[in-house]
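To start, the structure under review is shown below, and the notes come after it.
The values are calculated or read from the model by the stated rules, or taken from the named source; none is laboratory data. All values reported here derive from a predicted model rather than from experimental measurement. No Cβ is skipped: glycine too gets one built from the backbone with ideal geometry, and neighbour counts run over all protein chains shown.
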Amino acid sequence: MPGAPPTRMGSSYTKFQGYGFWARDSSLEVWLYLLARESGTVPGQPAWLTAAEKDWHLKATVGFNGCIDANLDQHVSSLAHRELILRLSRQVLSWLDRQGPIMPASVLNSFEMGGWSRDVETANFVRVGEAFVQLLEGNLHTDEKTSPVLP
């Protein structure tokens, strides 16, 4: 039976252009890890994307508790940047969809962050990814006070 993410259950706020969402650190770390991994596949990766990839990988793997910042206002400084990050995000969502309803702990532990003792519902990561996409599209209008915490 799938369990909860690792015991460090801090939450972090992901923001972009004045709006954002709260998510459990463990789910946000997986999302940022997968987004960084997908960013690394872009041929002729531009310098700004390399910087974003390194930042997201660091945030995903170091174990920041309650203070993970995706730095979207910094990394997504143009419409072209936003479109590329949206495309990469949709590719990650597609990858998650192909994994099935349960993400095995063995797969999660292969993401360089460790600490997963149980399988987890893939939907936890999908919800974070969907909020990330909605935020970048300008379709998410919650802030620090009005956003629920995603699992």
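Below is a table of values for the structure above.
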{"quantity": "Residue within region 73-85 that is without any contact (Cβ under 8 Å) to a residue 24 or more places away in the chain, on the phi > 0 side of the Ramachandran plot and part of a loop (DSSP other than H, G, I, E, B) present", "calculated": "no"}
{"quantity": "Filtered residues of region 27-56 (kept if closer than 26 Å to Glu144 by Cβ and free of Cβ contacts under 8 Å to residues at least 40 places away in the same chain)", "calculated": "Leu32, Ala36, Ala51, Ala52, Asp55, Trp56"}
{"quantity": "Unique residue being of a type in the set (S, T, N, Q) and under 12 Å from the mean Cα position of the chain (by Cα) when the list is Asn71, Asn109", "calculated": "Asn71"}
{"quantity": "Filtered residues of region 100-151 (kept if among the hydrophobic types (A, V, I, L, M, F, W, C), outside any helix (DSSP H, G or I) and closer than 23 Å to Leu84 by Cβ)", "calculated": "Phe111, Leu140"}
{"quantity": "Close pairs (7 angstrom Cβ cut-off, 6 or more residues apart or separate chains): closer than 12 Å to Ser27 by Cα in region 111-125, surrounded by fewer than 16 Cβ atoms within 10 Å (Cβ to Cβ) and of a type in the set (Ser, Thr, Tyr) anywhere", "calculated": "none"}
{"quantity": "Selection from region 123-151 of residues that are within 13 Å of the chain's Cα centre (by Cα) and of a type in the set (S, T, N, Q)", "calculated": "Asn124, Gln134"}
{"quantity": "In region 1-38, residue surrounded by the fewest Cβ atoms within 10 Å (Cβ to Cβ) [restricted to those that are modelled with pLDDT of 95 or more and farther than 13 Å from Ile68 by Cβ]", "calculated": "Gly18"}
{"quantity": "Meets criteria (over 13 Å from the mean Cα position of the chain (by Cα), part of a helix (DSSP H, G or I) and small (Gly, Ala, Ser)) for Ala60", "calculated": "no"}
{"quantity": "Condition met for Gly44 (part of a loop (DSSP other than H, G, I, E, B) and modelled with pLDDT of 95 or more)", "calculated": "yes"}
{"quantity": "Pairs, first over 8 Å from Phe21 (Cα atoms) and touching a residue at least 60 places away in the same chain (Cβ under 8 Å) in region 138-151, second in a loop (DSSP other than H, G, I, E, B) and not polar (S, T, N, Q), C-beta under 8 Å, six or more apart", "calculated": "Pro151/Pro5"}
{"quantity": "Condition met for Leu88 (surrounded by 14 or more Cβ atoms within 10 Å (Cβ to Cβ), assigned to a helix (DSSP H, G or I) and within 15 Å of the chain's Cα centre (by Cα))", "calculated": "yes"}
{"quantity": "Check on Ala131, under 15 Å from Leu32 (Cα atoms) and either in contact (Cβ under 8 Å) with a residue 24 or more places away in the chain or surrounded by fewer than 18 Cβ atoms within 10 Å (Cβ to Cβ) (or both)", "calculated": "yes"}
{"quantity": "Residue satisfying all of: in region 53-85; loosely packed, with under 13 Cβ neighbours inside 10 Å and among the acidic types (Asp, Glu); nearest to Tyr19 (Cα to Cα) among these", "calculated": "Asp73"}
